[in-house]
Structure formats: C-alpha cells, structure tokens
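FYI, it's all coordinate maths here, none of it is from the lab. Note that the coordinates shown come from a computational prediction; the quantities given were computed from them, not determined experimentally. Cβ coordinates were reconstructed from backbone atoms using ideal geometry, including for glycine residues, and neighbour counts include every protein chain displayed.
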Amino acid sequence: MPSTTTTAAASSHPSFISAIASSKYLSSFAPPCLLSHRKVSSANRCRTLGSRRLACSAMVQQAVQGAPAAYAKEMERLSAKESLLLAFKDAGGFEALVSGRTNDMQRIDVNERITGLERLNPTPRPTTSPFLEGRWNFEWFGSGSPGLFAAKFIFENFPSSLANLSKLDVFIKDGNAKITANMRLLNSIESNIILSAKLSVEGPLRMKEEYVEGILGSPTVIEDRVPEQLKGALGQAANTLQQLPVPLSDALASGLKVPLSGSFQRLFMISYLDEEILIIRDTTGMPEVLTRLDASPTSLGESIPEYES
C-alpha cells in the first residue's frame, strides 16, 4: 500500500501523475485515480488532434473551392462589362444618346446591363481608389444628368449642321474635376466649354461635386472645312480680333471665364469602378457611365495606397 507521503506528493504534481500513469510497469498495480487520469488525458489529446485535423481540412477545402469561385466571378464581371459596351454600340453611341435618337427598348436594355455590372463591383471604397483619377469619356447619361441637359439644349436649339456636341469627357486629379464639352460649329469651327469642379469625399461610396468656374474656350477655325460663303466673314472677324487691345485679345484667347462658386453642386455615389469603367448615380438614382481614355494608375506602375477611414 502506498504511503501517505507519496500520495500527497503525487496529488500536488499533475506532471508526476501523468508520468506514473503512462508507465507500463506501474499500470498493473497503480491506484484507480492514476489510471483514470491516464484515460482522460489520452481522450483529450485525441479530441484536440481531431479538432486540428478537421480545422486544417476545412481550410484546405475552402482554399481549393475558393479559387474556382473567384475565377468564375471574375469571368462573370468581364462578360458583364463586354455586354454593357455592346449595348452602348447597339443604342447608337454617344451621338444617338445626346440627340435623343435612342428608344425606350434601348434605354431599358442599357440600364439592365448597368445594374448587372454594378452588383459585381470589385472596388469596395471607390472614392479613395487610385482608379478614380485620370481622364474619362462619358458614354451614357441619366435623364436628370447636367451633361445630358446641356447636350440636349444644343441639339434641340441648333440644327446639327450649325452646332454639334462631338465629345464630353472629365479629368479627375487630386480632388478636382475638369469637364470638357467639345463642340463644332458649322462643321468648321471648334470650341469647347470647360467646367471646373471640386470633389470632396463624403464616404466610401459618396462624393460631393461643387462647380467652381466655367470657361468658354476660344474657337479654332478649320480652314479647309469653311464653306465658301463664310470665308469672307470669318476673315473679317479675324482681322477685327487682331485690332483689339492686347489685354482684351489675350483674355479672349484664354477663354471667357464665368465664376460658378456656390451656384451649383450635387451629391453622387460611385456604384462601380475598375481600371476601365466608372459608374455613378446621382440623388435621383440616374446612372452615368464613363470609360477610361488614358492608362490606369496601376498599369503605369503606381502603387495603390491603403484606404484610411
């Protein structure tokens, strides 16, 4: 029979109990308390090892299944982009849109494809993404867009032979936006209207646009396209401009500037952004779709900073 001293020492040192309980030599006559401790420890080790094997197995299975799922989602996104661009083409493009020649079926088809692409947005915080900066070309307007309003004003009040809006783009850099509308008058005189705006971040998706200044650019004459009946009048106008005082002629050459601070602002949210397509929606939910005109920051080798809330 074990002594009282040995039993007390064993009970005060669990490691000592484990060593004795695991001994084959003493297992035949060890007390029941030591044998039960040995069985419990073995069961715990089995459960621990089993849990670890299950966790590792689940992680491996998730990684194996995650790769095909991510690939399938990326293929779905690329297909949705291609589908949207084809819908723009089928609707007649920018000129058909601003001239009002798109029909209801074409508009609803484009809007359906816009919605399909938005749900695959790969950029969770587009307002601070480097993809946002660069030069973008307007492809589609909502009915309440200021860009579409200006375009329709030109097309509804002037015949296409007199005035035509050929292009509308925006350049975004360092929290500022410059919107340029390129117009052609009489198919021989090119001019542009530039709107400067300040952009402020209101959240991961929301931004505020405040217009600061408008500039009516100095017209440029394409001489080989000037109609014969207008060449004399344009020549006289050019001579008149040359006779103006230098400060006034310089001011006209740099464009007529109109202050717009506080006159117009709007809130919008970015519902989709990648290296090629930008989709925004105003407070009425009307979409505007833009495609990139220059290389994206990542393709130029610039690093992407982390978003800071």
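Residues of region 175-218 falling in the label zone of ARG101, defined by backbone nitrogen less than 17 Å from a point 7 Å along Cα to beta-carbon, are 184, 187. The residues neighbouring ILE172, those whose beta-carbon lies less than 9 Å from its own, together hold a net charge of +1 under the Lys/Arg +1, Asp/Glu -1 convention.
Modelled this way, with points 7 Å down the Cα-to-C-beta line, the labels at GLU190 and GLU82 are 3.4 nm from one another. Within the shell defined by Cβ-Cβ distances under 13 Å, the residues around TRP136 carry a net charge of -3, with Lys and Arg each +1 and Asp and Glu each -1.
Taken along the Cα-to-beta-carbon direction at a fixed 7 Å, the label points for LEU260 and ALA69 span 4.6 nm.
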